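Below is one structure, written out as structure tokens; the observations come after it.
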Amino acid sequence: WYWQKEKREPYVKFMEANYPPGFSYEDFGPLFTAEFFDPNQWADILKASGAKYVVLTSKHHEGFTLWGSKYSWNWNAVDVGPKRDLVAELAASVRNRTDLHFGLYHSLFEWFNPLFLEDATNVFKTSKFPTSKSLPELYEIVTRYQPEIIWSDGDGNAPDTYWNSTSFLAWLYNDSPVRDMVVTNDRWGVGSICTHGGFYTCSDRYNPGHLLPHKWENCMTIDKRSWGYRRNAQLDDYLAIEDLVKQLVETVSCGGNLLMNIGPTHDGRITVVFEERLRQMGAWLKVNGEAIYGTKPWRAQNDTVTPAVWYTFTPKEDKVNAVFLSWPVSGTLELGEPQAKLGETQVKLMGYKELLKWVALGEKGMVIALPQLTPQQLPCQWGWTLRLTAV
């Protein structure tokens, strides 16, 4: 897009300096080799991350499908490049080795598809592209791979009527093989984002910072500058695990899910920096998962007295979780929101056995004495959870 459409100078120059004259985007097809792609290894990393669902980009805005689509002749991973059905392989591994729900991202439009460009020129009064390409692909991936999430994207500034989204969704929820479990997002044509959908995404890297009345998802990237893999990325371009835990806790306390993006390499690897972040997140969730999974927003999302404290609520056990992101130097943590009851309220640090001592501050608020632990004795790093009973 930057090179061919916007013709941004650094991209044009890079291509001229590093590729043969007349090299086209299509020439990258055979260079996408995936020789190191091991779906079992991917599934194991995904499981170790503590994630509950995974969404694979089955086709992005340039139209190359990661499955052997009948509607993307000679521009798919089975005919060109890897010569493998990457969607089928990952779906099988995720389903055989994990309990993650398997989802697929699919771009409605394609930047340079002549049929789409023709429809756009006709102000979407014609619908050659959705009829012959986009919709058939959607029916194909649902029937063939039975994804439990359809993550639609790229409306190409066209209305849902052009994409025939309502008809497809009616089929998906009533007659498709996944009708009883499928979940969809909100990107089905101009005007549908943040308005219609099983969950709202609203925008990339969306974090409202307050409660929304509808389930939503913060879809963001570990590489601050890209959704794909960048060979020239610097360490500073990647969010640290502290940043990711903060994003997770803020998102969940406001009723959202976190969809954390990594970009694999052309040879099929999840690079070690991405793997490390995923495994770190999993390690944190092993200790603090009860403050995240199966929770609902509490009456307060964050604390009024101490910054960087976020709340979630576990309805099953009637417990309030307070996640604090920095360990206080004083050894005590003051919370302005919980109303404690003498003789009833209990405070526990997740990953630590004994109950903690606390005192109430009048009508509202409490001071909690944290255990004196060496860094080695801490139950985890990057953030800690207090479980409050009877507040």
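The values are calculated or read from the model by the stated rules, or taken from the named source; none is laboratory data. Fair warning: this is a prediction, and the values are worked out from it, not measured in the lab. Here the Cβ positions follow ideal geometry from the backbone for every residue, glycine too, while neighbour counts run over all protein chains shown. The protein model used for the area step is the full one, side chains on, heavy atoms only, and it has no ligands, DNA or RNA in it. Shrake-Rupley method; radii C 1.70, N 1.55, O 1.52, S 1.80 Å.
Here are the numbers:
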| item | result |
| --- | --- |
| Residue 289, sole failed condition from (1) open to solvent by less than 10 Å² (accessible area, probe 1.4 Å); (2) assigned to a strand (DSSP E or B) | (2) |
| Conditions (1) surrounded by fewer than 20 Cβ atoms within 10 Å (Cβ to Cβ); (2) closer than 25 Å to residue 257 by Cα; number of the one not met by residue 153 | (1) |
| Count of residues meeting criterion [modelled with pLDDT of 95 or more, over 28 Å from residue 134 (Cα atoms) and either in the same structural domain as residue 308 (by the TED database) or crowded, with 16+ Cβ neighbours inside 10 Å (or both)] in region 185-224 | 2 |
| Test result for residue 175, within 25 Å of the chain's Cα centre (by Cα), at negative phi and open to solvent by 10 Å² or more (accessible area, probe 1.4 Å) | no |
| Given (1) farther than 17 Å from residue 382 by Cβ; (2) surrounded by 14 or more Cβ atoms within 10 Å (Cβ to Cβ); (3) not polar (S, T, N, Q), index of the condition residue 309 fails | (1) |
| Test: residue 387 is of a type in the set (Lys, Arg), assigned to a helix (DSSP H, G or I), under 30 Å from residue 212 (Cβ atoms) and open to solvent by less than 40 Å² (accessible area, probe 1.4 Å) | no |
| Options 143, 126, 131; residue that is open to solvent by 10 Å² or more (accessible area, probe 1.4 Å) and not in a helix (DSSP H, G or I) | 126 |
| Condition check for residue 3: out of contact with any Leu (no Cβ under 7 Å at 6 or more places or on another chain), outside the structural domain of residue 267 (by the TED database) and open to solvent by less than 70 Å² (accessible area, probe 1.4 Å) | yes |
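Per-residue answers, yes or no, for (1) within 30 Å of residue 241 (Cα to Cα); (2) open to solvent by 20 Å² or more (accessible area, probe 1.4 Å); (3) part of a loop (DSSP other than H, G, I, E, B):
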site	(1), (2), (3)
13	no, yes, no
26	no, yes, no
34	yes, no, yes
57	yes, yes, no
68	no, yes, yes
74	no, yes, yes
78	no, yes, yes
